[in-house]
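What follows draws every value from the coordinates through simple rules; no lab data is involved. Quantities reported herein were computed from a predicted structural model and do not represent experimental measurements. Reconstructed Cβ throughout: ideal geometry from the backbone, glycine too, with neighbour counts over all protein chains shown.
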Amino acid sequence: MKLLILSGPNLNMLGKREPGIYGHLTLDELLAGLRQEFTAHLLDHVQSNIEGDLVTAIQQADGKYDGIIINAGAYTHTSVAIADAIASVKIPAVEVHLSNIFSREDYRHVSYLGARCAGSISGFGIESYRLAIRYFSERKA
Ligand code: DQA
């Protein structure tokens, strides 16, 4: 199975960024851990701090991947463009967050993407990504 993991703004700062909230793993370490565990799957990754890059990556993933796992970072709470991109492609997306967005500031309680995704997983650190990959594995089986 081919999955595209998309990381939005500031996720390139993982490891250094607010470790009390996001943990000590860098983005590269997080991806390496997932690839080591899920050897049966191709896990491609794109990180961008730019909204339009994420829109383009979603558009280009259609027909090329079986699904998208997206942590859009702060764009989760603001981006109609990313929500529209997810709705415009045939492949399913799962929204993931390292932190529990519902136990944080009010402005993080709203996700523009959630309604366009097959589901949302929030608050389990790297486990949020593992659960998303398992969803795709079982869906396909
Ligand atoms: C995040 C939560 C967002 O609110 C925040 O802006 C992020 C990371 C998470 O993974 O917990 O950048 O998506």
| field | For a label point 7 Å along the Cα-to-beta-carbon line of H24, residues of segment 103-136 with backbone N under 17 Å | value | 125-127
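Within 9 Å, Cβ to Cβ, of L43, how many net charges do the neighbouring residues add up to if Lys/Arg are +1 and Asp/Glu are -1? Working shown, then result.
Values: positive: K2, R35; negative: D44.
Neighbour charge sum, excluding L43 itself: +1.
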| When only Cα pairs under 8 Å and 6 or more residues apart are kept, what is the percent relative contact order across segment 1-82? | 49 percent
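If packing is taken as the average count of other Cβ atoms within 10 Å, what order do 38-51, 83-96 fall into, highest mean first? Could the numbers behind the result be given before it?
Working: 38-51: 15.5, 83-96: 19.5.
Going by the mean number of other Cβ atoms within 10 Å, highest first, we get 83-96, 38-51.
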| Using unit Cβ charges (K, R positive; D, E negative) and no other charged atoms, how large, in debye to the nearest 20, is the dipole of segment 1-124 about its Cα centre? | 100 debye
| Efficiency of FRET between A81 and A40 - r from beta-carbon atoms, R0 30 angstrom, step 0.05 | 0.35
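When a/c reaches 1.5 or more, the comparison of a/b and b/c decides; with that in mind, is segment 2-61 rounded, prolate or oblate per its Cα gyration tensor?
Numbers: a/c = 3.48, a/b = 1.11, b/c = 3.13.
It is oblate, given that a/c is not under 1.5 and a/b is not larger than b/c.
Quick one: compute the contact order of the chain, relative version, from alpha carbon pairs under 8 angstrom and 6+ residues apart, as a percent.
Working: 249 pairs, mean separation 35.6, N = 141.
Over the chain, the number comes to 25 percent.
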| said: Can you tell me the convex hull volume per residue for the chain, based on C-alpha atoms, in Å³ to the nearest whole number? | reply: 93 Å³
| task | Please name whichever of H77, A118, F102 sits farthest to the positive end of the charge dipole of segment 77-141, dipole taken about the Cα centre and charges placed at Cβ: Lys and Arg +1, Asp and Glu -1. | result | A118
| field | Cα gyration tensor shape for segment 12-95, rounded if a/c is under 1.5, else prolate or oblate | value | oblate
| task | Calculate for the chain the 222 nm mean residue ellipticity that helices alone would give, adding -39,500 (n - 2.57) per DSSP H run of length 4 or more and normalising by residue count, nearest 500 deg cm²/dmol. | result | -10500 deg cm²/dmol
